[in-house]
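Have a look at the structure below, then the notes.
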Amino acid sequence: MKIVVTGGAGFIGSHFIKYLLKEYPDYKVLNIDKLTYAGNLENLKEVEKNPNYKFLKVDICNRDMEDVVDGYDVIINFAAESHVDRSIQEPEAFLKTDIMGTFNLLEISRKKGIHRYIQISTDEVYGSADEGYPFSEESPLNPSSPYSASKASADLLVLSYYKTYKTPGIIIRSTNNYGPNQYPEKFIPLFITNAIEDKPLPLYGDGKNIRDWLFVRDNCRAIDIILHKGKTGIIYNVAAEQERENIFIARKILEYLGKPESLIKFVPDRPGHDRRYSISCERIKELGWEPEVPFEEGLRITIEWYKNNEMWWKKIKSGEFLEYYRRQYKL
Ligand code: NAD
Ligand code: TDX
């Protein structure tokens, strides 16, 4: 199989490329990435010399890139602006990449007769599941942030292309991912790296917001199964079924690193902050997938990775990130 992965230099995309090249040594992978602040080719060091792997620095919004995908069977679109807080500060880039970028890839898929187009979406498109039962794939879209609104728009485009042009799209909506190589603006890596450096852990609101934490390798296994067995025109939810309050996780990280709870600093809440994400995923379970990594085990692996790879995150935290962080917290 010949697969185009977009956004492959980011967190989940880089894990998926490494997973794919290991599990399927005869597959060819082309990684298309613009290398925004979140793209990091160091994430792909172990595969950069693999003859089945190729990288091109390209923006998915580029209307002239259609020849790049010549000869490829599948496009898997991970490329996105992905951080909710940034979408609140500066939404425009989210609309450009997450909506117009998806539109461009769908146009290319349509014109080039791509066999399968997989859109990596998110549980955030359903909005907050404040109480009661989890959302299914049939639940209405109710996004809260410019980020989730742009992801929801992209999903609607994928579905419309399937209905109108028979473009063979599939949508995957997973819960929050965590694991090694996640950019340290996101909750878990931010809290781990701040705790290692004895810096405050900025907990939003009352700290009782709930997310369902999926270890990134479990998500790679889910995308693999959908790539090979999924039905086009269909949405698949992918849940970890391990919902935790943010404050529970903050305490666990501090406990593991032997740091005091006094490092937790309650800060003003994120505007439009979704209280809880919760989805059911019977549809992918019918394909034979189950989440495997228990949260406490995944968290231990993740903390160990950040402890052993200080160079990776210290470089990030001393550069562009610092500027963003100062703006976010008005420092
Ligand atoms: P990330 O921010 O770590 O990586 C995004 C990658 O996309 C980067 O390499 C960046 O350079 C690239 N990119 C951004 N704009 C681009 C453009 N215009 N053209 C080409 N490349 C571009 O994101 P992530 O956490 O790995 O998320 C990957 C995908 O998974 C996203 O679509 C996100 O919405 C979705 N998702 C993420 C999570 C999560 O918890 N991280 C959960 C559910 C869904
Ligand atoms: O400093 C922080 N303090 C804090 O309390 C940060 C960065 C986050 N939080 C809270 C907000 C959320 O309740 O932690 C929770 C997780 O926050 P994020 O890591 O920003 O993730 P979230 O907003 O849930 O969105 C993530 O999951 C779905 C990804 O960033 C999205 O790309 C994905 O679609």
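The values are calculated or read from the model by the stated rules, or taken from the named source; none is laboratory data. Note that the coordinates shown come from a computational prediction; the quantities given were computed from them, not determined experimentally. Cβ atoms come from the backbone with ideal geometry, glycine included; neighbour counts cover every protein chain shown. Calculation scope for accessible area: heavy atoms of the full protein, side chains included, ligands and nucleic acids excluded. Shrake-Rupley method; radii C 1.70, N 1.55, O 1.52, S 1.80 Å.
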>> So for each of 72-78, 229-235 I average, over its residues, the number of other beta carbons within 10 Å; can you give me the resulting order with the highest mean first?
In response: 72-78, 229-235
>> Tell me the Rg and the Dmax, in Å, that the Cα atoms of the chain produce.
In response: 19.0, 57
> Given the rule -39500 (n - 2.57) for each run of at least 4 DSSP H residues, summed and divided by the residues of the chain, what is its mean residue ellipticity at 222 nm, to the nearest 500 deg cm²/dmol?
Replying inline: -11000 deg cm²/dmol
>> Before I look further, what does the stretch 15-74 give for accessible area per residue, probe 1.4 Å, in whole square angstrom?
In response: 54
> Which lysines have a Cα lying under 21 Å from the Cα of Lys285, excluding residues fewer than 8 positions away in the same chain?
Replying inline: Lys229, Lys231
> In the Gaussian network model of the chain, springs joining C-alpha atoms below 10 Å, which of Ala129, Ala239, Ala38 carries the largest mean-square fluctuation?
Replying inline: Ala129
> Measuring from label point to label point, each 7 Å out along Cα→Cβ, what is the Ser318 to Asp64 span in nm?
Replying inline: 3.8
>> If you average the C-alpha positions of the stretch 87-142 and of the stretch 263-319 separately, how far apart do those two centres end up, in angstrom?
In response: 20
> How much of the accessible area of the chain, probe 1.4 Å, is carbon plus sulfur, in whole percent?
Replying inline: 52
> Among the GluC sites (Glu not before Pro) within the stretch 129-227, which fall in a DSSP loop and have no more than 16 other Cβ atoms within 10 Å of their own Cβ?
Replying inline: Glu131, Glu138, Glu197
>> Just the number please: accessible area per residue for the stretch 90-168, 1.4 Å probe, all protein chains included, in Å².
In response: 46
> Roughly speaking, what is the stretch gain from Lys259 to Glu23, that is 0.36 nm per residue apart minus the C-alpha to C-alpha distance, in nm to one decimal?
Replying inline: 81.1 nm
>> Please report the spacing between the Cα centers of the stretch 41-64 and the stretch 186-223 in Å, no decimals.
In response: 27
> In sequence order, what are the phi-derived ³J(HN,Hα) couplings for the stretch 157-162 according to the Karplus relation 6.51 cos²θ - 1.76 cosθ + 1.60 with θ = phi - 60°, rounded to whole Hz, with x for glycine and proline?
Replying inline: 4, 4, 5, 5, 5, 5
>> Using 5 Å bins from zero, what percent of all Cα-Cα pairs in the stretch 86-234 falls into each bin?
In response: 2, 8, 14, 18, 20, 17, 10, 5, 3, 1, 0
> Tyr147: accessible area at probe 1.4 Å, nearest 10 Å²?
Replying inline: 20
> Which aspartates and glutamates does Lys151 reach when only Cα atoms under 14 Å apart count, and residues fewer than 8 places away in its own chain are ignored?
Replying inline: Glu81, Glu92, Asp98, Asp123, Glu124
> How large is Rg/Rh for the stretch 1-153, to two decimals, with Cα atoms and a Kirkwood Rh?
Replying inline: 0.99
> Taking R0 as 30 Å, what's the FRET efficiency between Ser280 and His228 from their Cβ-Cβ distance, rounded to 0.05?
Replying inline: 0.85
> With charges set only on the Cβ (+1 for Lys and Arg, -1 for Asp and Glu), what does the dipole of the chain come to about its Cα centre, in debye to the nearest 20?
Replying inline: 580
